[in-house]
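The structure appears right after this line, and notes come after that.
The values are calculated or read from the model by the stated rules, or taken from the named source; none is laboratory data. Please read all numbers here as calculations on a predicted model, not as lab measurements. A quick note on method: Cβ atoms are made from the backbone with ideal geometry, for glycine too, and the neighbour counts reach across all protein chains shown. Side chains included, ligands, DNA and RNA excluded: accessible areas come from the protein's heavy atoms. Shrake-Rupley method; radii C 1.70, N 1.55, O 1.52, S 1.80 Å.
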Amino acid sequence: MFSRVVQLEIDTMRVGPDEAAELFAHEVLPGLREEEGYEGAIALITPEGKGMIATFWETEDSAKDASGFSSEQLERFMTIFRAPPGREVYEVAVADLPEGVVV
């Protein structure tokens, strides 16, 4: 399993952290679910607007292939970021999650 990680900072003068999370849940997640190899996502955010989105993919290729969708979505919401988000693909080495959470 592989993870595509986006580190970002929301401009809280334009949009609050809760609203940013709602935008991700309602505007981005439905499209992610349509991408081949997609296995899930976790979005983390602080009250100050610092955040990280980890999406999980079946293969490294599917994680990399999703970069087109990811770039399109980041561009779509660029006005809510303080700076362009950083992106990396990682192999998931260890996952210890609460029971019922599958990545």
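When region 37-78 is limited to residues that are of a type in the set (Gly, Ala, Ser) and part of a strand (DSSP E or B), the one that is most open to solvent (accessible area, probe 1.4 Å) turns out to be Ala43. Looking at region 9-17, is at least one residue farther than 26 Å from Gly100 by Cα, buried (at least 16 other Cβ atoms within 10 Å of the Cβ) and touching a Phe, Trp or Tyr at 6+ places or on another chain (Cβ under 7 Å)? Within region 9-17, one or more residues are farther than 26 Å from Gly100 by Cα, buried (at least 16 other Cβ atoms within 10 Å of the Cβ) and touching a Phe, Trp or Tyr at 6+ places or on another chain (Cβ under 7 Å). Looking across region 84-93, just one residue is small (Gly, Ala, Ser) and surrounded by 10 or more Cβ atoms within 10 Å (Cβ to Cβ), and that is Gly86.
Taking the criterion of being farther than 15 Å from Leu23 by Cβ and either β-branched (Val, Ile, Thr) or in a helix (DSSP H, G or I) (or both), the residues of region 79-95 that qualify are Val89, Val92, Val94. Consider Asp96 against the criteria (1) over 14 Å from Glu9 (Cβ atoms); (2) open to solvent by 70 Å² or more (accessible area, probe 1.4 Å); (3) over 13 Å from the mean Cα position of the chain (by Cα); (4) modelled with pLDDT of 85 or more: it satisfies all of them except one. Which criterion is unmet? All conditions are met except number (4).
Scan region 54-84 for residues that are within 13 Å of the chain's Cα centre (by Cα) and modelled with pLDDT under 90 and report the count. Steps first, answer last, please.
In the first step, residues of region 54-84 are kept if they are within 13 Å of the chain's Cα centre (by Cα); the result is 54-57, 63, 66-67, 69-74, 77.
Okay, now just the ones that are also modelled with pLDDT under 90, so 63, 66-67, 69-74, 77.
The qualifying residues number 10.
Inside region 26-36, residues that are of a type in the set (A, V, I, L, M, F, W, C) and either in contact (Cβ under 8 Å) with a residue 24 or more places away in the chain or loosely packed, with under 13 Cβ neighbours inside 10 Å (or both) make up a count of 2.
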